[in-house]
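For reference, the structure discussed in these notes is given below.
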Amino acid sequence: MQVKVSAARCATIRGPGADTGTTWKDGMTELLAWLNDHLLRMQWLADLVAILVRDGFGLDIEGRIGGSVHFFLYDVVKIFILLCVLIFCISYAQSYFPPERTRRILGGRTGMGANVVAALLGTVTPFCSCSSIPLFIGFTGAGLPLAVTFSFLISSPLVDLASVILLASIFDWGIAIAYVVTGLVLAVAGGTLIGRLGMEGQVQSFVYASPVSDHGGHVPSRAERAAYARGQVSDIVHRVWPYILLGVGIGAAIHNWIPEDAVTALLGRDKWWSVPVAALAGIPIYADIFGTLPIAEALVGKGVGTGTVLTFMMAVTALSLPSIVMLRRVVGARLLTLFVGITAGGIVLIGFVFDALAIHLT
Amino acid sequence: MLIEILGTGCRKCIALGDNVQAALDGAGLSATVEKVTDIVEIAGRGVMSTPGLVIDGRVVSSGRVPDAEEIARFLRTP
């Protein structure tokens, strides 16, 4: 049984005569790998928890119970640390891009360029699914075309620095960057498609009549930005901690209790249905991406394809039943179905592509 | 004077409510303070991120929680 504790960095062991030909590039790769292991995978934490479980609780790491306890403790602590650090840093950066500023930036642009900028801004603007409606109303009321608004709405929950770093911790930076690129492409393409279909009539008329408030533009001081970032960490931790515990619990069950055959029967690389199943499982779920991290890790450990796991994570973050229900209040059923269909379809497509790529590259 | 606090009930909105009350008490003013929690109504006031603070129909802040001092300054300007 694969246990995280024994994941040694064998590749770093070099013989005495092997130093010739080491370039700065090798050094950089080494450094990144070291950072990855210690800051993201937190090998030191895995080892610490292993000592606790073995010597403190007297359980066998290789056994089911010991393995589950180790996974649970290690993952919960790791995720909370990542959560606090990432949310703080990202919220600080996001304080430079309040929705009002995004709206101003997008207001002056047209065509595909506007879609691209909207998709890019979606990755840095603070967003939780509770603000999809005020944002939609605020953007559309200010005259931004539907294409631009939807590019933003698709990219915002899907791609952000936190998910990129999380992905790098589960897979590697290549996959993480590919995720960002495909997420942005999906956002731009989806928004453009929606724009081409002339759905303006599907929007409730009151949206177009909404007042546009651009009050003063308060520029926060550094201390205010830090306070805001701290507040975000506190808010988000209070909001998502049950999901994290649940996610780690499910991850532990998959990791230690559910046999690999059962998992691959449902989600195996070679099964054509694994991607759609992952999408269907993920779409209705309302959870934070941090909660999906342990499940994704466990699935990868049981041989589920990269694409399938990405599809699951994207489906959980990009779409959720609560936000769809809320969006229905401002947008007609046809436009809403189109939005959900394009996003879901794109996610499934990405899953198939990544699964196929993984098979061909290994 | 009508003060509206726009928010869906998260902790920041409650904190804003407390700060507004503190500002009113400190300035010795009284006003009708209402909480707007319906998300469509909030957006209809032109606010894109909560919590929002509206004084006599004018949006003075959104997406953050100004302290009692700043709110007092809002109350003073016509």
Exercise. Can you pull out the residues in region A:263-299 that are touching a helix residue (DSSP H, G or I) at 6+ places or on another chain (Cβ under 6 Å), modelled with pLDDT of 85 or more, under 23 Å from A:Pro242 (Cα atoms) and aliphatic (A, V, I, L, M)?
Worked result: A:Ala278, A:Ala279, A:Ile295, A:Ala296, A:Ala298, A:Leu299
Problem set entry | Those residues of region A:161-176 which are modelled with pLDDT under 80 and surrounded by fewer than 18 Cβ atoms within 10 Å (Cβ to Cβ), in sequence order | A:Leu161, A:Asp172
Exercise. Only one of (1) of a type in the set (Gly, Ala, Ser); (2) more than 20 Å from A:Tyr228 (Cα to Cα); (3) in contact with a Cys (Cβ under 6 Å, 6 or more places away or on another chain) fails for B:Ala72. Which number is that?
Worked result: (3)
Exercise. List pairs: first in region B:21-34 and touching a residue at least 12 places away in the same chain (Cβ under 8 Å) and part of a strand (DSSP E or B), second surrounded by 13 or more Cβ atoms within 10 Å (Cβ to Cβ) and acidic (Asp, Glu), Cβ under 7 Å, 6+ apart or cross-chain?
Worked result: B:Glu34/B:Glu4
Seminar exercise, completed: When region A:264-295 is checked residue by residue, the ones that are surrounded by fewer than 18 Cβ atoms within 10 Å (Cβ to Cβ) and either within 25 Å of A:Leu73 (Cβ to Cβ) or among the basic types (Lys, Arg) (or both) are A:Arg269, A:Lys271, A:Ile285
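Test of understanding: among A:Tyr243, A:Tyr179, A:Tyr228, which residue is within 14 Å of another protein chain (Cβ to nearest Cβ) and either among the hydroxyl-bearing types (Ser, Thr, Tyr) or in contact with a His (Cβ under 9 Å, 6 or more places away or on another chain) (or both)?
Numbers: A:Tyr243 fails: within 14 Å of another protein chain (Cβ to nearest Cβ); A:Tyr179 fails: within 14 Å of another protein chain (Cβ to nearest Cβ).
None of the others qualify; the one that does is A:Tyr228.
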Exercise. Pick from region B:56-76 the residues that are farther than 16 Å from B:Cys13 by Cβ and in contact with a strand residue (DSSP E or B) (Cβ under 9 Å, 6 or more places away or on another chain): which of them is farthest from the other protein chains (Cβ to nearest Cβ)?
Worked result: B:Leu75
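Residue-by-condition table, conditions (1) within 14 Å of chain B (Cβ to nearest Cβ); (2) surrounded by fewer than 22 Cβ atoms within 10 Å (Cβ to Cβ); (3) out of contact with any helix residue (DSSP H, G or I) (no Cβ under 9 Å at 6 or more places or on another chain); (4) polar (S, T, N, Q):
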{"residue": "A:Ser91", "(1), (2), (3), (4)": "yes, yes, no, yes"}
{"residue": "A:Gln94", "(1), (2), (3), (4)": "yes, yes, no, yes"}
{"residue": "A:Pro99", "(1), (2), (3), (4)": "yes, no, no, no"}
{"residue": "A:Thr102", "(1), (2), (3), (4)": "yes, no, no, yes"}
{"residue": "A:Met112", "(1), (2), (3), (4)": "no, yes, no, no"}
{"residue": "A:Ser132", "(1), (2), (3), (4)": "yes, no, no, yes"}
{"residue": "A:Ile137", "(1), (2), (3), (4)": "yes, no, no, no"}
{"residue": "A:Pro145", "(1), (2), (3), (4)": "no, yes, no, no"}
Exercise. How many residues are within 17 Å of A:Gln94 (Cβ to Cβ), in contact (Cβ under 8 Å) with a residue 24 or more places away in the chain and of a type in the set (Ser, Thr, Tyr) if we restrict to region A:176-228?
Worked result: 1
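Quick test for you: out of A:Val219, A:Val185, A:Val180, pick the one residue that is β-branched (Val, Ile, Thr), more than 24 Å from the chain's Cα centre (by Cα) and either part of a helix (DSSP H, G or I) or within 30 Å of B:Pro66 (Cα to Cα) (or both).
Numbers: A:Val185 fails: more than 24 Å from the chain's Cα centre (by Cα); A:Val180 fails: more than 24 Å from the chain's Cα centre (by Cα).
Result of the check over A:Val219, A:Val185, A:Val180: A:Val219.
The values are calculated or read from the model by the stated rules, or taken from the named source; none is laboratory data. Just so we're clear, the structure is a prediction, and the values are computed from it rather than from any experiment. Methodologically, a virtual Cβ is constructed for each residue, glycine included, from the backbone with ideal geometry; neighbour enumeration extends over all protein chains shown.
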